[in-house]
Amino acid sequence: MGDIIAGFCATHTPRIADEANAPEFTRELIAGMHELGDLVDTLRPDAIVMISTHWFTTFVHYVACHPRHKGYVTALECPDMINSLPYDFPGDPELGRLMVKKGDERGVPVFVADQPNFVFDYGSVVPVRYLTPRNDVPFVIVSLTAVCPLEEYYTWGEAVAAAIRELRRRVLVVTSGSFSHTLVRGPERWPLEEHQKLDRELVGLLCEGRLDEARAMLPWFVETTRAEGWGKHIAFLLSLLGASGHALKGKLHAYGPSSGSGNPVVSLLPVG
Ligand SMILES: [Fe+2]
């Protein structure tokens, strides 16, 4: 039987890409990301479905369906910080293509991305380096779409869950993105106090498995904190965790700043 075995919230702040030279203010985030990597080793999922707020698509959703994701990423936003970073990790095209089919059946505009010279965003590559440092778990990465209502991510998540069930995969779902995202200059700067409080409030609901309340909170959380990716990565996670039917318990492994954004590193596991 296929199953969504856990959900993670990961950070991709570019300053952790080069761990050896990462600034002091990122150390808690780095430690938290390594804890998530250890959990991946324990959970041993068949595949990881990850949504990256930096694989930004305008009108429709895409799913990376390459059998192997291999290349170099230079971040357009900060090429001095992430310059020719290599990546080479497995994909799961069977799962990715079925996700697209199930989405299409539900009226979600979603397409396969399998072009040979496709280059991943750093929001995808940075978490992969921490979650699977040995590149031993396949990833199916999905884009974050601008011109779609938040609600569409709940339908899209149900489609993904249906594909997971049909293929009997044990899947870990990961968001790559900040929560509050009112950006300012100054990499070490924290979110406003009130935005930190809202980040922790939303994380608290997730960690207590109160998914309906998190879903109800999300639209005004997005509005108030300018959440990264309009919070659509969080909606996608909520949809998949809801579809799993599991009661959940979570842990906040780390919470840290990046240029005024709030970055929780979280694991959500079934109870019992
Ligand atoms: Fe980001």
(request) Sort through GLY186, GLY177 and tell me the only one that's under 26 Å from ALA20 (Cα atoms), within 16 Å of the ligand (Cβ to nearest atom) and surrounded by fewer than 16 Cβ atoms within 10 Å (Cβ to Cβ). (result) GLY186
(request) Give the range 52-69 a look and list any residue that's surrounded by fewer than 16 Cβ atoms within 10 Å (Cβ to Cβ) and more than 16 Å from the ligand (Cβ to nearest atom), or say none. (result) THR58, PHE59, VAL60, PRO67, ARG68
(request) Go through the range 4-24 and give me each residue that's more than 16 Å from the ligand (Cβ to nearest atom), assigned to a helix (DSSP H, G or I) and either of a type outside the set (D, E, K, R) or open to solvent by less than 10 Å² (accessible area, probe 1.4 Å) (or both). (result) ALA20, ASN21
(message) Based on this model, can you work out whether GLU228 counts as buried (at least 23 other Cβ atoms within 10 Å of the Cβ) and not small (Gly, Ala, Ser)?
(response) yes
(message) Can you pull out every residue in the range 200-251 that is within 16 Å of the ligand (Cβ to nearest atom) and acidic (Asp, Glu)?
(response) GLU228
(message) Every residue in the range 1-39 that is within 14 Å of the chain's Cα centre (by Cα) and of a type in the set (Ser, Thr, Tyr), please.
(response) THR11, THR13
(request) Could you check VAL222 against (1) in a loop (DSSP other than H, G, I, E, B); (2) out of contact with any strand residue (DSSP E or B) (no Cβ under 7 Å at 6 or more places or on another chain) and say which number it fails? (result) (1)
(request) Return yes or no: is VAL137 part of a loop (DSSP other than H, G, I, E, B), within 30 Å of THR74 (Cβ to Cβ) and either free of Cβ contacts under 8 Å to residues at least 12 places away in the same chain or open to solvent by less than 40 Å² (accessible area, probe 1.4 Å) (or both)? (result) yes
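The values are calculated or read from the model by the stated rules, or taken from the named source; none is laboratory data. Remember, it's a predicted structure, so these values are computed and weren't measured experimentally. FYI the Cβ positions are ideal-geometry reconstructions off the backbone, even for glycines, and counts take in every protein chain you see. Accessible surface areas use protein heavy atoms only, side chains included; no ligands, DNA or RNA. Shrake-Rupley method; radii C 1.70, N 1.55, O 1.52, S 1.80 Å.
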